[in-house]
1. In contact with a helix residue (DSSP H, G or I) (Cβ under 8 Å, 6 or more places away or on another chain) and modelled with pLDDT of 75 or more: is that true of ASP134 in this structure?
2. Taking the stated definitions as given, is ILE78 in contact with a strand residue (DSSP E or B) (Cβ under 9 Å, 6 or more places away or on another chain), closer than 17 Å to ALA37 by Cα, of a type in the set (Val, Ile, Thr) and modelled with pLDDT of 75 or more?
3. With the checklist (1) outside any loop (DSSP other than H, G, I, E, B); (2) out of contact with any strand residue (DSSP E or B) (no Cβ under 7 Å at 6 or more places or on another chain); (3) at pLDDT 70 or above in hand, flag the one item ILE24 doesn't pass.
4. Which condition breaks for LYS150 when tested against (1) modelled with pLDDT of 75 or more; (2) in contact with a Phe, Trp or Tyr (Cβ under 7 Å, 6 or more places away or on another chain); (3) charged (D, E, K, R)?
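The values are calculated or read from the model by the stated rules, or taken from the named source; none is laboratory data. Note that the coordinates shown come from a computational prediction; the quantities given were computed from them, not determined experimentally. Please note: Cβ atoms are built from the backbone with ideal geometry, for glycine as well, and neighbour counts cover all protein chains shown.
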Amino acid sequence: MATSIASGIYEAVRLDVGDPDAQIFNDAFLQRIFIKAVRRLNQALGLSVTARPQGIPGYKALATKISPITYDLSGNTISPDNDEIADLIILQMEYIVAKGELSALKRLSSAYGGAFGTSVGSAEGDGVTVTNADGVVVSVGASRLNNRTKLILEDANLIKKELDEAIKRFLGRQTGNYGKMVY
């Protein structure tokens, strides 16, 4: 049985990354992230046909054979269809998005290192600020970029920790279901 990826997984990712109205992350972008997430999960879980050994290793037995995560983009479905797999995909997608945000900030930060780097870095010390249409005053200094980078890095690390724990739980349940052990 398969489930819709567009209505469920994409929406969950958007909610978790703070884009509930799909203003930044459209379906086409999330579809590319989805494909990468499934590939990475199959590798991490030992379900990929290229992973060695295939399946989940067992104690004094052959590897437990579990079907790889597959998708049909034309039918908009995933298989196996269960909440556990969907949650793993969501977490992997969130981590990929968070790492992408960090990469974008790194590129922006390197742009500050050019001819204008010193003026932007000293702008905050000179009292340069911007007031938006709502009357909110925002500093345009380099420390704002540094603080934003730290927040995104912390968020990515939290997502990675949650993903790693979810993978361990998945492997533990699968091996437990078949009387096997994972070390």
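1. Numbers: in contact with a helix residue (DSSP H, G or I) (Cβ under 8 Å, 6 or more places away or on another chain): no; modelled with pLDDT of 75 or more: yes.
So ASP134 does not fit the description; no.
2. Against the criterion (in contact with a strand residue (DSSP E or B) (Cβ under 9 Å, 6 or more places away or on another chain), closer than 17 Å to ALA37 by Cα, of a type in the set (Val, Ile, Thr) and modelled with pLDDT of 75 or more), ILE78 qualifies.
3. Failing condition for ILE24: (1).
4. That leaves (2) as the condition not met.
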